[in-house]
């Protein structure tokens, strides 16, 4: 039977090459920054490029959701302290 690590995203079979806690934190912070980058582009499109009120609203809601999610991910990483 093959045992896997707790994190389903970065799981590898036991004895395989896994990621250290510091590397997992790095990837999570990169994902958070990616969400913020997507939010920035979507807010720009919502305010300056789209003309339809419906699409502007949908894009703005999506952008602010990405911004909040990215901010939460970054806050979790920063407040969790250094990797062991």
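Quick note: the coordinates plus some simple rules give every number you see, no bench work behind them. As the structure is a prediction and not an experimental result, all values here were calculated from the model. Because the Cβ atoms are built from the backbone with ideal geometry, glycine has one as well, and the counts that use them run over all protein chains shown.
Of the residues making up the stretch 34-77, just one is assigned to a loop (DSSP other than H, G, I, E, B) and either in contact with a strand residue (DSSP E or B) (Cβ under 9 Å, 6 or more places away or on another chain) or surrounded by 13 or more Cβ atoms within 10 Å (Cβ to Cβ) (or both), namely 50.
Of the residues examined, residue 19 is one that is out of contact with any strand residue (DSSP E or B) (no Cβ under 8 Å at 6 or more places or on another chain) and either in contact (Cβ under 8 Å) with a residue 60 or more places away in the chain or not in a helix (DSSP H, G or I) (or both).
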